[in-house]
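The values are calculated or read from the model by the stated rules, or taken from the named source; none is laboratory data. Everything numeric here is computed off the predicted structure, so don't read it as measured data. Cβ: placed from backbone, ideal geometry, glycine included. Neighbour counts: every protein chain shown.
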Amino acid sequence: MATAAATTATGIDAVYYLTQDLKRARTFYETLLGLKPTVEMGGEGSEFVEYDLPDGTTFGLGYIPDAPFHESGGAMFAVPDVQSAFERAKELGARVNFDFMDLPSCHMAWVQDTEGNGFCLHHRK
C-alpha cells in the first residue's frame, strides 16, 4: 500500500499536449517561445517531441494516430513580456480565450494553440 508521502505531488515534471498535426504544433511553439527539441521519438505512427525548459520542467507534444484526439492544456508559460508574446501568438494563429490581464500578482493572457489546446502566457510581478 502506498503511503501519503509516496503519492504527494512535489512539482510539475512535464506538461504534454496531444496534437492533430505535430508539424504545425511544433512550428507554432518553437517559433512563439523559442523552444528547442531535446527529445524526439516515435514508433508505429506515433510521434513525440519534448522541450526541456531552463527551470527543469518539460513541455511535450504528441501525435497518436490511433487514439481519439481531445483538447488538453493548462500550462502557464513564463515569458518576460506577456503583451508582446500575446501579440505574437495571435500573429501565429492563436485564438484568444482571455485577453491580456494585469492582475496584482502577475500579467497573463490565455490563448488556444493551432490544435485548440489552451495555455497561458504568464509573468509574475
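Of all the listed residues (Phe119, Phe86, Phe48, Phe59), the sole one being at pLDDT 90 or above, surrounded by 14 or more Cβ atoms within 10 Å (Cβ to Cβ), part of a helix (DSSP H, G or I) and of a type outside the set (Val, Ile, Thr) is Phe86. Scan region 93-107 and give yes if some residue there is within 24 Å of Thr58 (Cβ to Cβ), aromatic (Phe, Trp, Tyr) and within 17 Å of the chain's Cα centre (by Cα), otherwise no. Checking region 93-107: not a single residue is within 24 Å of Thr58 (Cβ to Cβ), aromatic (Phe, Trp, Tyr) and within 17 Å of the chain's Cα centre (by Cα).
With respect to the conditions (1) modelled with pLDDT under 90; (2) assigned to a loop (DSSP other than H, G, I, E, B); (3) out of contact with any Lys or Arg (no Cβ under 8 Å at 6 or more places or on another chain); (4) surrounded by fewer than 13 Cβ atoms within 10 Å (Cβ to Cβ), Gly74 falls short on a single one, namely (2).
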